[in-house]
Structures are given as C-alpha cells and as structure tokens.
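**Student:** Here it is, the structure in full.
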Amino acid sequence: MAATVETVERVRALDKYKYGFVTDIESETAPKGLSEDTVRFISAKKGEPEWLLEWRLKAYRHWLKMPEPGWSKVQFPPIDYQDSYYYSAPKSPTDGPKSLDEVDPKLLETYAKLGIPLNEQKLLAGVAVDAVFDSVSVATTFKKNLEEVGVIFCPISEAVKNHPELVRRYLGSVVPYADNKHACLNSAVFTDGSFVYIPKGVRCPMELSTYFRINAQNTGQFERTLIIAEEGSYVSYLEGCTAPQRDENQLHAAVVELVALDDAEIKYSTVQNWYPGDEEGKGGIYNFVTKRGACRGRNSKISWTQVETGSAITWKYPSCILQGDNSVGEFYSIAITNNRQQADTGTKMIHLGKNTRSRIIAKGIAAGRSDSTYRGLVRIGAKAAGARNFTQCDSLLIGDKCGAHTVPYIETKNRRAIVEHEATTSRISEDQLFYCRQRGMSQEDAVALVVNGFCREVMQQLPMEFAVEAQKLVGISLEGSVG
Amino acid sequence: MSDAPFTDHYGVLRDALPGHDLPWLSRLRASALESFSVSGLPTQRRESWKYTSLRPLEKVGFGVTGAPRACISIDRAPSLLPAASEHHRLVFVDGHHRADLSTLGNLPEGAELTTLREVLTNEPDWLEAHLGAVSGDPGGDWEQPLLALNTAMMMNGFVLRLAEGTVLHDPIEVVHLGGAGDRPLAYHPRNLVVLAPRSQVTLIEHYTHLGEQPYYANIGTEVSLAEGAVLHHYKLQADALDAFHTATVHAEVGPDALYDAFGMTTGARLSRNEIAVRLAGEGANCHLNGAYLVRGRQHCDNTTRIDHLVPNTACSEIFKGVVDDQARAVFQGKITVHRDAQHSKGHQLSKVLLLSDKAEIDAKPELEIYADDVVCSHGATAGDLDHDALFYLRSRGIPEPEARALLIEAFLAESVHNIAAQGICPALMSSIGHWLAGRPKEI
C-alpha cells in the first residue's frame, strides 16, 4: 500500500510542472520500469474511472503469467521490460490547446522537420489530423466538420471521459486483454490512441488520419485505437509513422480494434517507416502490433492495407473476424525489409458467417541480410457455407543473403466454401533491371521501379495521400540493396 | 522409467529384440528410449503436430509380442501387381517376417532384398554404419519421438541394397499384414534402402490387414540414394479402419539421383506419413506425390519436409485428397531452400475435395527460402465438387451418385496415372473404385 501512496505523491509532484512554460520538449515521464504502480500512475495521470484501472490491472497481472510468444520467425535478445519508460507526455497546459496557435511551437517545428504540413493540411488535403506525439494527442483539426455529421474522432483518453459507455462496451471486445503477451501489455499500460465513432448511416466526409511519432528516447509506445462503424456507415482511416534515428531498441506494442456493424465499411491504411536500425541491425524499433477487426454485422466490410518498410522487427497480423453473413475481409500488404530487418507479418481471416468473402494479397520484398515472412491463417468455420477465400503471397528476393518465407495455415470445415492459396518466390528480374538501365535509369531507380511494379496491386488500394508517399518509400527503403 | 506410453514394452521385449547382444545397438536403443521417455508421444503443442492428436492411440492399450503367431489361414498374401508379372516379394505379418509367404524369385546379381534381422546376424558392422545415418543421430533434442520409439523397439523390417549400376526391371513388393494377433498389438518395423551409384529399382509397399484386432504400426524407413540412383517408391496404406499407422521416411538424395515417391492412403483410423527428403547433391530431384481417401471418423496426416541443401536441385509435390463424413485430413508441406542452394526449383500443390459438411482439411504449405536465384511456388485449394461439371453430367442422364463418383475418380486418376510403374496403376484405381463404392477392398 505504501508504494501506492508514494506513487500518488509522485504524481502530485509531477503535476507542479504543469503551469511552467517550456521551450525544449521534455517528457513528463513515469518512473522507469513496469509494476502495478506504473499502471496506477498511468491511470491516475489520465484521470480514468475505476473500471478501466481494474481492467488495466487485470491485464497486467495476466501479463506477468504469459510466456513470450516464440513461434514467429524473428530473433532478438529478450526484452527487459523494466528498462523502459511506460509513460511520457509532451508538456502542455492540462486544458489542452484550443487551436494550432496554442500548440507548443517547438512541437510544430518538429512536425515541420518531419514533413507534416499540419497548418497546410487543413487547406490542402482535407484530412483531419489527430497528431500523436509521444502518446498524447496535441492537436485535432477539422473537429467541427466531423461533429456536424456526428462523427467522434478524438484521443481515446478523451473518449473515456466523454463517451465512457461506448468505450466500455467495445474496448477489448475484439482483442481481449489476454489475447497475447504484447496486446496484454498494451491493455495494462496504453497511454493514448485514437477513438473513432461513425454513427448510423454516416459516410465520414473525410479521410481520418493519425500520425504517430516516437520521440523521447527509451519510450515504448502503447497506442490503443478503437474504431466503431455503426450500421450503414463508412470510414477510411490512415495511419502513418516516422521516427528519428536513435540507438536503443524501442518497444512498440499497439492494439487496434475495429468493429463494423450491419452494412458498415472500414478501410484502414498504414504506412510504417519507423527507424529500422543501422546497417548492422543496431537499434531500431520493435513493432509488435495486434490489429483485428470484427465484421459483426451483415454485409459489413473491413479492409486492411499496409506498407511496412521500417522497424527492426515487425510482428503484425491485421486480422478480420467475419461474423456477419455476407461480410467481407481484405488484406493488402507490402513488407519491405533491408539490411538486418526482420518482418513476420500476415493476416488471419476467420470465416464464421455464411457467404463471407476474404482476399489476401501479400507482397514481401527482402534485401540485404533481412528476413521476411508471410504468416497467415484462413479458417472456414463449419457454418460458413458459401465462404470464399483467395490468397496470393509473392516474395521477391534481392541479393543472396536474405530470406523469404511463407507460412500459411488453411483450415476448412465447410465443403461449400472455396479456398485458394497461391504463393511464389523469385528473385528480381535481371532482364527488367537491364531494360531500365539501358534506358538510362540509375540502378536504384530501376530497382524501385521494378519493385513498385511488383507491388502495384497493393499500392492501388492505398488512398491518394499515401500512395505517393509509399512509392517514394519503396525506393528509399531499398537504397543500397543492389550494386 | 517415465510414464510415457509404450516404454514398458521395452522390458517385455528386451531379450526378443534382434541384436540385443550387440553393444552399439543396445546403446542406440537405450538412448532412443530415453529420448522418447522424456518427450513422450508428440502432443498438439508441438508445431508439427498442431493438427493431429495421438490421444486415441494412447487409449487403446496395445501389447507387444516377441514371436509371430503360429497359424495364419491364408496361403497367399495379396499383391498389387498382376499375378502374371515376375516380381520379388517380402511378407510381414504383425511386423514379423514370414518366409513361407515371401517369394524372392531370381534377383539379379548386385541386388539384395532381405530382412533387418538377417543383416543384423550376418553383417552387423554394415548395419552399424547405415542405421540412423540418414535419419540423424538420436541425440537429446531429437525432434522425432515416433522414430525414437521405433529405434528403441524395432524388431524387423526389410533391407534393400543395390550394387553400383544394378537396374531392376521387375518391381519389389513388400506386404505388411496387420491385425492377425489375438489382442491389440503395436509393432515398429524398420526398413533400409541403400542404392549404390546408378542403380535403379521400383519398390512397392502395401499395408493391409488380416484379422479383426486393432493394431499400431510405427514404421521407420531410411533411404539413401547415391549418385545417379533412381528409386520409385510407391505405397498403398489400406490398413484396417480401427488401426493406427504412423510412418517416418528419411531420404537422402545424392547428385543427379531421383527419389520418386507416391503414397495412397485409404485405411487406418489415424495415420500420419512423415517424409523428410534431403536433396544433398547437385542435380538431385524428388517427386513427392500422394492421394488420400478418408471417411467416417478417419484422420489422415501427410507431413513432408524437403530440404534443398546444394545448388541445382528440384522437387515437385502434389497431394490430392477426398474427405467425406466426419473425417479430417491434414497436409503440412515444407520446402526449405538453404543458403547458397541457388537455382533450386520447388513446386508444391495440395488439392482437396470436401464431400460432407463435417469433413475438415487443415493445410499448411510452407516455403522457407534463403537463396535468391530460385523459383518456388505452392498452392492449396479446398472445396466441393465442381457444380458445373456435376450439372453437365447430370444433364446427360447420369444419376447423381455415379456422376459424383466419376468426378472424384477423375480428380484422383490424374495423380495415379503419373506413376512411372504402370503395373501398379490398375490396383490403385481399383482401390479408388472400391472406396467410392463404399466397400473396403477385399484381399
């Protein structure tokens, strides 16, 4: 009990800083390490209700008992969970900024460096940005436009305060806290993330976007995203990530939950280019993400599109649970690994309802000494009559020191279902490279062009804003891989 | 001694086991037994046993016997080959060799077909050098509990050896008959095939049953193919429907050698074929094909692993299955292309027809590739019969059951007709026909 009192006092002490004006961005951090007190600290810091604290503690206690998942094809030294900070928030008045003018100017400067024209985005792209800088949302644009149609788009911590009934009903309903070690950790210590609620029959008027940034050193990021699409609604959500260079490995264990009710559609796109470590594999982000969507309603649809180019280790399986009859799940993925990066990614399509359909297109590109694995599950339940799945996994190898692996699991319990899986592995075509070189393209441009062609099917699924960025990324990620 | 099932059999068998006076063999058996008693039967927590549970096997309570049962009321063991054709046969009943039923015929010079027991008596040194040479050393972390169990308790089996350049035109047939005992028996045949450079042979293994008793056959086979050797290895597993069948094959394929295997499964309540092929010489090639027809509550598992260890090797793998009633089939195929094994070619395909609402197929086709100049692909499909094709046949006045049977037969015939030894095809097609008619094939 004494420890709890101590924590409360520490929180009070930390609170003293809150009126101070800050020029340099210093994080308000929880003490290093993970314990029940850390969980209580985070919860107290967020002013959370009792039920959420209980839920976090339940998750934390379960986490202690869970073994590290060892089935994936990635190798890394054991994570020292006590050597990390679990809470860091950019300092700002507790009331929060009311407009961009009130946002910490230094923060805006950092964004500018990273190339996000937050000010211009309003005018240019029509994208509402809920920018997350080290765990706490600092600016939200286009809120008014969204409010007019009844869309709720806010940090999840705010949603806990303003819409507790929604959060309580859906949080953990798709990814239960005991789902896996990393999701369990996230449930215990999640700091912030986005909350989206699209009311019945509303087509969200703009693409919603969150930029995640990892900034303070040694800070694990534990984002929690919850998107609920009510009957007949539609939303497209973009998630993009960049991170400045650093040496220490950083743990990132996010959880994304999507719920689509009758006739609703959610499109979730990700571009991930976090720091992958240097050429020898030193540093870089550990990206252990649990993403899952539940097509609860009839005719609902969830579509995942991801471009994964960053992170030292990617461990990520955006999945769809197709519960509602006629529901549709899609997964389009590009995973590019270079140097010593390791990616173990794929999807799960769980067909439960009748006439459910899923489509998986996964493109893996491995260069340098990297390893890229597609790991996926297609399960056709006994009641999923008329279910249909098509899976295509293609791997491209650049160089003779890399590895590409395909590990699909296909479980069929209904004869009226049709399941098809195809996979190929081949090297980048010398002929195609030669053709490009002959026409005066540099080796690197040629590789980028060929690889972009290889990924075209997935690129086409990306929203415009991302497609351009993603194409550039492909080229940048493969720099130095040939020649 | 641990509680692992079957380990108590060792005490019963100890003195009846062949070669119990050979120190090297006793050591090998002891270390395998120890490894098995630590691991026990594989459970579904092991990734490679994710879809197959051996719990039903544990429940039966099998016994062992050191000596064959005296009288068996058959005068001729069944054959998959036309009666007129000249061939060489070895017959085993409940794992014991039956010289009276075997017909060795005139084997050409350089070819030797004999039993493990005989080789143990006459050439123990040769056996010491070859036993376990391909399947790996049974060390502490031996990942193959069933092969360890086999090594500990192997009683007999066949040994096929060909000298350099020996080419056998007539196939060799090995028949295993089970269920002849007066109580449920477990036995562990161990077979060795060693082909010298440029030798060629067709080997047919036929597993079927005689009596009414359930039985458990746990087979271990090691195949070693030297440069340019060719082995056509065909197997029909038509065991009794309450029998258990687990078979582990390890094959090492040398330069320019070919291992061509085809296995058909119609029998056993629970069966698992585990085949591991190492393409260890440049130009090595392997075809690993299979077909299975299961119904009732049968469980059929085909697990294969192909390792491309050196450049310029190729493999192709096609498994086709038909699953009816509440039966369950498992296909796990892994192709690994090792570092520097450039110009490897690997193709793998699993196709399954599900005929009932309770039938299940779990497939895990896996590629693991560490070399860039390779062409590898795999595919897997599962579904019902093609409705359009069915409609086409029905619209031409063919009744539904016949139309379905025709389509299933055509689906499987493709893989049967690719067999190089055409002599065996009629027998395989007829066992498909019998299965479709809902009758077990009489012997």
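The values are calculated or read from the model by the stated rules, or taken from the named source; none is laboratory data. It should be emphasised that the depicted structure is a prediction, and the values quoted were computed from it without experimental measurement. Here the Cβ positions follow ideal geometry from the backbone for every residue, glycine too, while neighbour counts run over all protein chains shown.
**Student:** Consider segment A:45-67. How many of its residues are of a type outside the set (Lys, Arg), farther than 17 Å from A:Pro164 by Cβ and in a helix (DSSP H, G or I)?
**Tutor:** Of the residues in that region, 6 qualify.
**Student:** Of these, A:Ser358, A:Ser370, A:Ser327, A:Ser303, which one is within 20 Å of the chain's Cα centre (by Cα), of a type in the set (S, T, N, Q) and either farther than 22 Å from A:Leu251 by Cα or surrounded by 24 or more Cβ atoms within 10 Å (Cβ to Cβ) (or both)?
**Tutor:** A:Ser303
**Student:** In the list A:Phe434, A:Phe454, which residue meets the criterion of being more than 11 Å from chain B (Cβ to nearest Cβ) and in contact (Cβ under 8 Å) with a residue 40 or more places away in the chain?
**Tutor:** Only one candidate passes the filter, namely A:Phe454.
**Student:** Right, another one. Only one of (1) within 27 Å of B:Pro82 (Cβ to Cβ); (2) charged (D, E, K, R); (3) surrounded by fewer than 16 Cβ atoms within 10 Å (Cβ to Cβ) is not met by B:Asp388, so which one is it?
**Tutor:** That leaves (1) as the condition not met.
**Student:** What residue, of B:Leu393, B:Leu367, is over 25 Å from B:Ala284 (Cβ atoms) and either without any contact (Cβ under 8 Å) to a residue 40 or more places away in the chain or crowded, with 21+ Cβ neighbours inside 10 Å (or both)?
**Tutor:** B:Leu393
**Student:** Here is a further query. Among the residues of segment A:381-423, write down those that are among the hydroxyl-bearing types (Ser, Thr, Tyr), crowded, with 24+ Cβ neighbours inside 10 Å and at the interface with chain B (Cβ under 8 Å from one of its Cβ atoms).
**Tutor:** A:Ser395, A:Thr406, A:Thr412
**Student:** Could you list, in sequence order, all residues of segment A:68-90 that are aromatic (Phe, Trp, Tyr) and either in a helix (DSSP H, G or I) or surrounded by 13 or more Cβ atoms within 10 Å (Cβ to Cβ) (or both)?
**Tutor:** Scanning segment A:68-90 gives A:Phe76, A:Tyr81, A:Tyr85, A:Tyr86, A:Tyr87.
**Student:** Moving on. Taking the condition over 17 Å from A:Ile334 (Cα atoms), more than 9 Å from every other protein chain (Cβ to nearest Cβ) and of a type in the set (Val, Ile, Thr), does A:Val378 pass?
**Tutor:** yes
**Student:** I'd like the full set of residues that are out of contact with any Phe, Trp or Tyr (no Cβ under 8 Å at 6 or more places or on another chain), within 14 Å of chain A (Cβ to nearest Cβ) and of a type outside the set (D, E, K, R), limited to segment B:38-48.
**Tutor:** Correct list: B:Ser48 only.
**Student:** Give the residue that is modelled with the lowest pLDDT, with candidates limited to residues of segment B:107-132 that are under 22 Å from the mean Cα position of the chain (by Cα) and not in a helix (DSSP H, G or I).
**Tutor:** Filtering first and then ranking leaves B:Gly132.
**Student:** While we're on this one: For segment A:122-167, name all the residues that are modelled with pLDDT under 80, outside any loop (DSSP other than H, G, I, E, B) and touching a Leu at 6+ places or on another chain (Cβ under 8 Å).
**Tutor:** A:Ala128, A:Val129, A:Asp130, A:Ala131, A:Phe133, A:Val138, A:Ala139
**Student:** Here's another thing I want to ask about it. Among the residues of segment B:161-185 satisfying the criterion of being of a type in the set (A, V, I, L, M, F, W, C) and buried (at least 24 other Cβ atoms within 10 Å of the Cβ), which is farthest from B:Phe36 (Cα to Cα)?
**Tutor:** Of everything passing the filter in segment B:161-185, B:Leu162 is farthest from B:Phe36 (Cα to Cα).
**Student:** Additional query: Only one of (1) in contact with a Leu (Cβ under 8 Å, 6 or more places away or on another chain); (2) surrounded by fewer than 24 Cβ atoms within 10 Å (Cβ to Cβ); (3) facing another protein chain (nearest Cβ under 7 Å) is not met by B:His378, so which one is it?
**Tutor:** Evaluating B:His378 over (1) in contact with a Leu (Cβ under 8 Å, 6 or more places away or on another chain); (2) surrounded by fewer than 24 Cβ atoms within 10 Å (Cβ to Cβ); (3) facing another protein chain (nearest Cβ under 7 Å) leaves (2) as the failure.
**Student:** Oh, and also: May I ask you to verify whether B:Glu47 is crowded, with 16+ Cβ neighbours inside 10 Å, without any contact (Cβ under 8 Å) to a residue 12 or more places away in the chain and closer than 21 Å to B:Ser135 by Cα?
**Tutor:** Criteria not met by B:Glu47.
**Student:** Let me ask something additional. Look at A:Ser426 and say whether it is small (Gly, Ala, Ser), within 11 Å of chain B (Cβ to nearest Cβ), surrounded by 24 or more Cβ atoms within 10 Å (Cβ to Cβ) and over 29 Å from B:Leu354 (Cα atoms).
**Tutor:** So A:Ser426 does not fit the description; no.
**Student:** For segment B:337-359, which positions are within 26 Å of B:Leu293 (Cβ to Cβ) and part of a strand (DSSP E or B)?
**Tutor:** Correct list: B:His347, B:Gln348, B:Leu349, B:Ser350, B:Lys351, B:Val352, B:Leu353, B:Leu354.
**Student:** While we're on this one: For segment B:334-359, how many residues are buried (at least 24 other Cβ atoms within 10 Å of the Cβ) and more than 7 Å from chain A (Cβ to nearest Cβ)?
**Tutor:** Within segment B:334-359, residues that are buried (at least 24 other Cβ atoms within 10 Å of the Cβ) and more than 7 Å from chain A (Cβ to nearest Cβ) number 8.
**Student:** Could you list, in sequence order, all residues of segment B:223-234 that are buried (at least 22 other Cβ atoms within 10 Å of the Cβ) and not hydroxyl-bearing (Ser, Thr, Tyr)?
**Tutor:** If the condition is that a residue be buried (at least 22 other Cβ atoms within 10 Å of the Cβ) and not hydroxyl-bearing (Ser, Thr, Tyr), then B:Val223, B:Leu225, B:Ala229, B:Leu231, B:His233 are the ones that fit.
**Student:** Identify the single condition in (1) touching a residue at least 60 places away in the same chain (Cβ under 8 Å); (2) surrounded by fewer than 24 Cβ atoms within 10 Å (Cβ to Cβ) that B:Glu409 does not satisfy, given that it satisfies every other one.
**Tutor:** (1)
**Student:** If you take just the strands (runs of 3 or more DSSP E) that sit entirely in segment B:153-264, which of them hold at least 3 residues that are without any contact (Cβ under 8 Å) to a residue 60 or more places away in the chain and farther than 21 Å from B:His9 by Cβ?
**Tutor:** Result: B:158-162, B:200-209, B:230-237.
**Student:** Here's a follow-up. Report yes if some residue within segment B:414-422 is modelled with pLDDT of 90 or more and either touching a Lys or Arg at 6+ places or on another chain (Cβ under 8 Å) or hydrophobic (A, V, I, L, M, F, W, C) (or both); otherwise report no.
**Tutor:** Taking every residue of segment B:414-422 in turn, none turns out to be modelled with pLDDT of 90 or more and either touching a Lys or Arg at 6+ places or on another chain (Cβ under 8 Å) or hydrophobic (A, V, I, L, M, F, W, C) (or both).
**Student:** Going by what's in this entry, would A:Ser236 be described as under 22 Å from A:Val474 (Cα atoms), of a type in the set (Gly, Ala, Ser), in a strand (DSSP E or B) and modelled with pLDDT of 85 or more?
**Tutor:** The answer is no for A:Ser236.
**Student:** Looking at (1) closer than 20 Å to A:Val39 by Cβ; (2) in a loop (DSSP other than H, G, I, E, B); (3) modelled with pLDDT under 90, which is the only condition A:Pro176 fails?
**Tutor:** Going through (1) closer than 20 Å to A:Val39 by Cβ; (2) in a loop (DSSP other than H, G, I, E, B); (3) modelled with pLDDT under 90 one by one, A:Pro176 breaks only (3).
**Student:** Out of (1) under 23 Å from B:Asp94 (Cα atoms); (2) within 14 Å of the chain's Cα centre (by Cα), the odd one out for B:Asp260 is which?
**Tutor:** Checking B:Asp260 against (1) under 23 Å from B:Asp94 (Cα atoms); (2) within 14 Å of the chain's Cα centre (by Cα), the one that fails is (1).
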